[in-house]
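Worksheet: one structure, shown below.
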Amino acid sequence: MSTLTSESHNPTKGVAEDSMRRSTDARPFGGVERRRTPGADISVESSNEVTVFHELGKALTSSLQLDQVLRTIMEKINEVLRPDTWSLLLMDQDKNELYFQIATGKGAESLKDVRIKVGQGLAGWVAQTGEAVVVRDTAKDSRFFGQVDAKTKMETRSIVAVPVRFRDQCLGVIELINSIGPEGFSARDLALLEALADYAAIAIENARHVQRIHELTITDDCTSLYNARHLNFMLDTEIYRSHRYAFEFSLIFIDLDHFKSVNDTHGHLMGSKLLAEIGQAIKDKCRLIDLAFRYGGDEFVVLLPQTSKENALGVARRLHKLIREAVWLKDTGINAHVTASVGVAAYPSDSRTKAELLHLADEAMYLVKNTTRDSVAASGVGLLAQDK
């Protein structure tokens with residue numbers, strides 16, 4: 001068994017073009033770049049490896065739960081390569097950082113909040129360059145990042161790390177800690193680890209597609225708020241939760257007054273832009289636990305968990321004032337002014353059923369719309385006095 005040794009690398013060096021061309025012509029997984037160590041025999045000869053790949057194939061096709069599939073992959077790495085500890089770091093694309101998705105060992109819990117910049121430490125170097133690395137002695141490698149050891153109170157003597165890549169994008173890094181024994185870490189071991197990293201890439205990409213499809217089914221295209229279908233689902237969930245824990249929650253219905261005149265005067269594209277602006281403004285005023293929906297046409301709904309009717313009326317007044325006093329479509333030069341009719345209903349004081357709550361909040365909103373417009377009403381209360 002040949003032993004791999006660490007080589008001197010420039011940490012600031014980008015992904016080398018020739019390293020990206022190391023792929024074999026045969027690519028069994030669409031989009032996954034086959035980064036194989038030169039000279040390594042990647043044929044699966046042992047029955048143990050055949051079993052590993054068979055079980056991973058079943059995991060990929062039988063579950064869309066990302067965490068479950070990734071854990072299966074990492075457990076197989078543990079069985080075959082037997083490191084002291086191992087971890088899977090995933091990429092936060094927005095922040096260009098790695099975070100610990102799965103980790104083992106005594107200090108694993110302390111890694112939840114640890115973030116590693118791309119280019120920082122060995123994991124960051126692998127994410128930056130897209131190349132695997134084998135370091136037999138971390139004390140002799142200037143790329144080693146000691147913050148993780150400081151957090152876990154463990155000693156990292158050796159590291160094997162491989163990138164998890166899909167096409168040209170780094171999705172994460174798999175790290176094996178203290179995995180190099182007296183016989184070293186062979187080219188065959190590294191080839192197997194890279195193959196397992198490809199399975200992880202497929203699982204992550206599959207999960208992203210599923211998540212995107214799910215988002216499309218519950219999101220309104222125009223405003224990017226949740227849609228009416230998702231409102232019905234969340235109401236069922238909130239009624240169950242509130243009944244179980246004796247919580248209150250409230251619904252706010254918002255209907256824009258004379259919205260048709262905006263479409264008639266400025267066109268439907270400007271009307272859609274106005275809906276998107278107002279929808280985003282409503283969402284920005286919500287707490288993290290609140291949910292905003294486009295109910296249809298020019299109607300919006302806000303679901304306020306753990307909120308009494310009295311407190312919901314305060315929120316309704318603020319949203320009504322926001323819509324009334326803001327200047328909309330400023331970047332187009334239209335400078336539109338809009339008012340809204342707003343209705344409020346609450347669980348359990350007004351009703352304990354989804355259909356009745358929706359009806360009562362809608363009814364309160366129509367009480368405003370059919371009388372004064374530009375105001376707020378509550379189920380069982382009627383029109384509220386106008387703010388002065």
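Within the straight-line cut-off of under 21 Å between alpha carbons, the lysines reachable from Lys112 are Lys95, Lys151, Lys153, sequence neighbours fewer than 8 places apart in one chain being disregarded. Between rounded, prolate and oblate, where does the range 186-273 land on the alpha carbon gyration tensor, with a ≥ b ≥ c its root eigenvalues, rounded for a/c under 1.5, else prolate if a/b exceeds b/c? Oblate. Both radii are taken from the alpha-carbon atoms of the range 255-302; with Rh as the Kirkwood radius, Rg/Rh is 1.02. Under the shape rule built on the C-alpha gyration tensor, where the axes satisfy a ≥ b ≥ c, the range 232-371 is prolate, since a/c reaches at least 1.5 and a/b is greater than b/c. Across the accessible surface of the range 264-326, with the other protein chains kept in place and a 1.4 Å probe, carbon and sulfur atoms take up 51 percent.
Keeping all protein chains in place, calculate the accessible area per residue for the range 284-384 (probe 1.4 angstrom), answer in Å². All intermediate terms of the calculation are to be shown ahead of the outcome.
Details: 4710 Å² over 101 residues.
Heavy-atom SASA per residue in the range 284-384 reads 47 Å².
Using Cα pairs closer than 8 Å and at least 6 residues apart in sequence, work out the relative contact order for the range 162-245, in percent.
On the way: 46 pairs, mean separation 18.8, N = 84.
Rounded, it is 22 percent for the range 162-245.
Against the criterion of solvent-accessible heavy-atom surface with a 1.4 angstrom probe, Val210, Val338 sort, most first, into Val210, Val338.
Listed by chain and number, the lysines placed with their C-alpha closer than 16 angstrom to that of Lys273 are Lys260, Lys283, Lys330; residues fewer than eight positions away on the same chain are left out.
The solvent-accessible area of Lys112, taken with every protein chain present and a 1.4 Å probe, is close to 140 Å². Ranked by the mean number of other Cβ atoms within 10 Å of their residues, highest first, the peptides 376-386, 166-176 come out as 166-176, 376-386.
Largest first, what is the accessible-area ranking of Leu313, Leu88 with a 1.4 Å probe? Don't jump to the answer; show the numbers that get you there.
Numbers: Leu313 30, Leu88 0 Å².
The ordering from most to least exposed comes out as Leu313, Leu88.
Sequence-ordered 3J(HN,Hα) estimates for the range 315-331 from the Karplus curve with 6.51, -1.76 and 1.60 and θ = phi - 60° stand at 5, 4, 4, 5, 5, 4, 5, 4, 5, 5, 9, 6, 9, 9, 6, 5, 5 Hz, glycine and proline given as x.
Can you sort Glu363, Glu310 by 1.4 Å-probe accessible area, starting with the largest?
Details: Glu363 100, Glu310 150 Å².
I get Glu310, Glu363, largest accessible area first.
Could you tell me whether the range 204-253 comes out rounded, prolate or oblate from its Cα gyration tensor? Rule is a ≥ b ≥ c as square roots of the eigenvalues, rounded for a/c under 1.5, then prolate if a/b exceeds b/c, otherwise oblate. Before the final figure, lay out each step's value.
On the way: a/c = 3.83, a/b = 1.70, b/c = 2.25.
Verdict is oblate for the range 204-253.
Amide H contacts under 5 Å for Gln120: Trp125, restricted to partners 5 or more places along the chain or on a different chain, H placed in the peptide plane at 1.01 Å from N.
The values are calculated or read from the model by the stated rules, or taken from the named source; none is laboratory data. None of these values were measured; they are calculated from a predicted model. All Cβ positions, glycine included, derive from the backbone under ideal geometry; neighbour counts span all protein chains shown. The protein model used for the area step is the full one, side chains on, heavy atoms only, and it has no ligands, DNA or RNA in it. Shrake-Rupley method; radii C 1.70, N 1.55, O 1.52, S 1.80 Å.
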